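Rule-based calculations on the coordinates, nothing more; no lab input. All values derive from a computational prediction rather than experimental measurement. Because the Cβ atoms are built from the backbone with ideal geometry, glycine has one as well, and the counts that use them run over all protein chains shown.
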Number of protein chains: 2
Amino acid sequence: MSYKIAIVGSGAVGCYYGAHLVRAGAEVHFLMRSDLNHVAEHGLAVESALHADFEVKEVLCHATTEEIGAVDLVIIALKSTQNEVLETLIPPLLGEHTCLLTLQNGLGNGEFLAQHFGEQRVMGGLCFVCLNRTSPGVIKHLGFGLIMMGELHASATDRTRQVVEWFSRSGINCEVVGDLMWASWRKLVWNIPFNGLAILGGGIDVAEILADEDLLVLTRQLMREVIRTAGVLGYELPDTLVDEQVEKTLKMGPYRPSSMVDFVEGRAVEVEAIWGEPWRRGAEAGAEVGRLEMMYRLINEKTRALRER
Amino acid sequence: MSYKIAIVGSGAVGCYYGAHLVRAGAEVHFLMRSDLNHVAEHGLAVESALHADFEVKEVLCHATTEEIGAVDLVIIALKSTQNEVLETLIPPLLGEHTCLLTLQNGLGNGEFLAQHFGEQRVMGGLCFVCLNRTSPGVIKHLGFGLIMMGELHASATDRTRQVVEWFSRSGINCEVVGDLMWASWRKLVWNIPFNGLAILGGGIDVAEILADEDLLVLTRQLMREVIRTAGVLGYELPDTLVDEQVEKTLKMGPYRPSSMVDFVEGRAVEVEAIWGEPWRRGAEAGAEVGRLEMMYRLINEKTRALRER
């Protein structure tokens, strides 16, 4: 069966997974802005610390979604601070059965898509991957790579398994997840402390966070607070996740969390998706979210000027 | 009755109150370092937004406490991060009845003096005053001026009232406080949020803190946490203090808290006295001090390199 895919938001995540799908023979259309001419001419290059480097020379690049037309699958890897542009970008891509897969960070993105285009269309994928876009069309893969995919507020279906198969066939480590929200909270156990402390530390990497005695204590306290908050919301996560995540992060070396890179480079930071929405959902459910709220408000103040970029 | 006073730590606080005492005719000896030659030649100048400006031309300046010898009262206005030098600076000033009055910020300074020189010698004074040292020997008085004085861990005595009288007679608004620890916690209700958020905001003033919706929420939450912590430790403070302090601070205009000025100018920040010691005492007593601990650890990380200066 042939299928047509559109990638909206061709940053590091969109290009990395998109390049894999192209290489496996899928028809993948990339919506691009600044890198369009460069990628149309030179293609995409993936330089990996884990697997063989590869290039895809022929890349279908587009400046508008009208040019792409209806597709089977839209992969949304846009920064969540720009979600409002999806209201106009998505409609030209929609056919009767078009599925929208958000690979975005944090909470609230799937709900945004559901609200505008119908919940039945929406899937989510949680990317556990360390990527940096080092220059136009060049993606550096620093570690991991797993995507956990599921339906927004439902159990996995044949469609879920179909999309997972498309990804898996292209060499991406991809799994079906039964409860996407549970997995989203599990991912936040890492994202909330490390992205946050990297910003509040003035632009430091995860190795610097773990090497500082105070920030290491805060990392663990924030992880425990996120785990307890998830529990109050009905998503049970084990306390052992704290040690497990710290151990895993120690092996990452001087990795720079994506929000910190955005912050130091003066780009919009995903404050609401990563801290605001989790804090609000926890607070509404009566969880003790004092540290999370403090982190959210400190980052909000620091990034207010960058938010709309 | 004639009396002899030594001032150890001749920054803005030491010079402002010392200049008042000199003007009233007291024998005041200033221990000085960088400003010694300038002040010995030109004296001290107080420029005030509230009362008449004045100068004292003849100032007794010294490079060592041996030169000063035994005094009736030692006023300690040194930054708390430098307390260890007091172990050698104080002994030459001690006579049989010498009283040590710490005007330093935060918690732990009186206890430090008591441990080294005996609790019976120690008094504390809480300064509610906005001062900046603008150039050598020149102190700018921006607002307030009250000192509340008491014995370290005892009720007020004749000595307390005597020292308060010396200050009052020189035109300083000075009051006896029955419970110095209670008053110290009351002062921390202001110092903890405003000094802390001014630093975590990257060097902002109190008007900028109050104008930011997130930092205003954090200010109020931190004040409530400090009030509750004081309550657990047995120092009852009313919740109305929150609104009262916010209102009072709105009238200060763009005041720069002293710790923030230290931070942006690369000087040691009183992290332990203002945040560390209050957090530890609260945590040991079982108070909920999550925000205070987070603030302490974030500031500790930010100022680690400046701490020993």
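Summary of values
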{"quantity": "Kirkwood hydrodynamic radius of the stretch A:103-174, from inverse mean 1/r over distinct Cα pairs, in Å", "calculated": "13.6"}
{"quantity": "Overall form of the stretch B:182-307 per C-alpha gyration tensor (a/c, 1.5; a/b vs b/c)", "calculated": "oblate"}
{"quantity": "Full-stretch length increase - B:Asp243, B:Phe144 - with 0.36 nm per residue and alpha-carbon distance subtracted", "calculated": "33.8 nm"}
{"quantity": "Averaged over A:286-293, number of beta-carbon atoms from partner chains that fall within 10 Å", "calculated": "2"}
{"quantity": "Helix axis angle, B:213-232 relative to chain B longest principal axis, alpha carbon, degrees", "calculated": "70"}
{"quantity": "Cα-based Rg / Dmax (Å) for the protein assembly as shown", "calculated": "30.5, 104"}
{"quantity": "Label zone at A:Arg161 (point 7 Å along Cα-to-Cβ), backbone N below 18 Å, the stretch A:1-27", "calculated": "A:1"}
{"quantity": "Label distances, nm, B:Glu84 versus same residue in remaining copies, Cβ-directed 7 Å point", "calculated": "5.5"}
{"quantity": "Per-pair calculated FRET efficiency, R0 = 35 Å: B:Ala283 and B:Glu27 via Cβ, rounded to 0.05", "calculated": "0.20"}
{"quantity": "Whole-number D in µm² s⁻¹ for the stretch A:16-69, Kirkwood Cα-pair radius fed into Stokes-Einstein, 4 °C, 1.567 mPa s", "calculated": "111"}
{"quantity": "Interatomic Cα distance distribution for chain B, bins of 20 angstrom, percent", "calculated": "34, 60, 6"}
{"quantity": "For A:His153, inter-copy label distances in nm, listed shortest first [label point 7 Å out on the Cα-Cβ vector]", "calculated": "5.9"}
{"quantity": "Principal semi-axes in Å for the stretch B:4-178 [√(5λ), Cα gyration tensor, largest first]", "calculated": "23, 19, 14"}
{"quantity": "Flagged links, alpha-carbon separation over 32 Å, of A:Lys251/B:Lys79; A:Lys302/B:Lys79; B:Lys251/B:Lys302; B:Lys140/B:Lys187; A:Lys140/A:Lys187; A:Lys57/A:Lys248", "calculated": "A:Lys251/B:Lys79; A:Lys57/A:Lys248"}
{"quantity": "Within chain A, helix-based [θ] at 222 nm, where runs of 4 or more DSSP H residues each add -39,500 (n - 2.57), nearest 500", "calculated": "-13000 deg cm²/dmol"}
{"quantity": "Extension reserve of the A:Asn132-A:Glu213 stretch, reckoned as 0.36 nm per residue once the Cα distance is removed", "calculated": "26.4 nm"}
{"quantity": "In Å, descending, principal axis extents of the Cα set of the stretch A:222-261", "calculated": "33, 21, 13"}
{"quantity": "Fully extended contour minus Cα-Cα distance, from B:Ala52 to B:Arg169, at 0.36 nm per residue", "calculated": "40.5 nm"}
{"quantity": "Calculated diffusion of the stretch A:119-268, Stokes-Einstein form, Kirkwood radius summed over Cα pairs, 37 °C and 0.692 mPa s, µm²/s", "calculated": "197"}
{"quantity": "Viscosity 1.567 mPa s, temperature 4 °C, Stokes-Einstein D of the stretch B:180-233 from Kirkwood C-alpha radius, µm²/s", "calculated": "114"}
{"quantity": "Within the protein assembly as shown: Cβ-based charge dipole about Cα centre, in debye rounded to nearest 20 (Lys, Arg +1; Asp, Glu -1)", "calculated": "320"}
{"quantity": "Within 10 Å of each Cβ in A:210-216, the average number of Cβ atoms from other chains", "calculated": "3"}
{"quantity": "For the stretch A:266-309, the spread of Cα positions along each principal axis, largest first, Å", "calculated": "34, 15, 10"}
{"quantity": "For B:Glu284, inter-copy label distances in nm, listed shortest first [label point 7 Å out on the Cα-Cβ vector]", "calculated": "4.3"}
{"quantity": "Under Karplus coefficients 6.51, -1.76 and 1.60, residue-wise ³J(HN,Hα) of the stretch A:54-61 in Hz, glycine/proline x", "calculated": "8, 10, 10, 7, 9, 10, 7, 10"}
{"quantity": "Residues with amide H under 5 Å from that of B:Leu131, placed H, sequence gap 5 or more", "calculated": "B:Leu142"}
